[in-house]
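Below is one structure; the comments refer to it alone.
Read the figures in this text as sums done on the coordinates, not as results from a lab. On a predicted model such as this, the values are computed, not experimentally measured, just so you know. All Cβ positions, even for glycine, are placed from backbone atoms using ideal geometry, and neighbour counts span all protein chains on display.
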Amino acid sequence: MKKLGAVALSLVFLSRTGLASDQSEVAERLSNAATVLKEISAIPEKGIPKDLIDRCACVAVIPSMKKGGFILGVNYGKGALSCRTGDGTGPWSPPSMLLLEGGSFGLQIGAQAVDLVLVIMNLSGLESLLDSKFTLGGDASVAAGPVGRTAAAETDAWMSAKILAYSRTRGLFGGLIVKAGAVRPDKDANHVLYGKEVRPKTLLLSGGTPVPNDGRALVDQLNRISPAKK
């Protein structure tokens, strides 16, 4: 009996340790995503044009995405997604955690980590996919986003794209060509963040869910960059 009791206590300890580790990973991911947004918006001349953020439906940030290979490579990243509530005019939603796997991300020389930002301009047709997955360049057309204070130099390539992609590595920031990467909800991380199972679509578009403490920095940063529309 003593041995069984010891085993049971060990299992409880391990489960709690694993949960604490998961919470720490999710909190760090959200903190890093907020930092990426803050740093790339600090220099308007080299950041994402504000008028694009004002017009977009959602923003996804994947800090330190791992990639490798030349031209085509292995890619894997964990990040978070926030969308405009209130039919696209309200404040930014609580974050939904996400995963990005596979695909081609422009010129890739050697193995390195990059910060990836996806600015979702048009959510039409993607609403139902927020609960499952969507393929960049397949379900959603993607273009390399313009950089600068404004997006005045509009081109058909990105005006018609549903998603504009940006990357930052070694201090360099700019538009990025993305093809065939699969973006899907990180259900386990969402469960850790909210303490229960949540539907990403409801979380991102319906509003009403409080922003968890760990997600506050990311949402606050988005609201500073682009407040709710009046």
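Quick rundown of the values:
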| read-out | value |
| --- | --- |
| Members of LYS46/LYS196; LYS46/LYS78; LYS50/LYS187 lying beyond 28 Å, as alpha-carbon distances in this model show | LYS46/LYS196; LYS50/LYS187 |
| Cβ crowding within 10 Å averaged over residues, with 192-200, 90-98, 28-36, 48-56 ranked highest first | 90-98, 28-36, 48-56, 192-200 |
| Net +/- balance of residues flanking LEU126 in space, Cβ distance below 13 Å, scoring K and R +1, D and E -1 | +1 |
| Ranked packing of 208-216, 57-65, most packed first, by mean Cβ within 10 Å | 57-65, 208-216 |
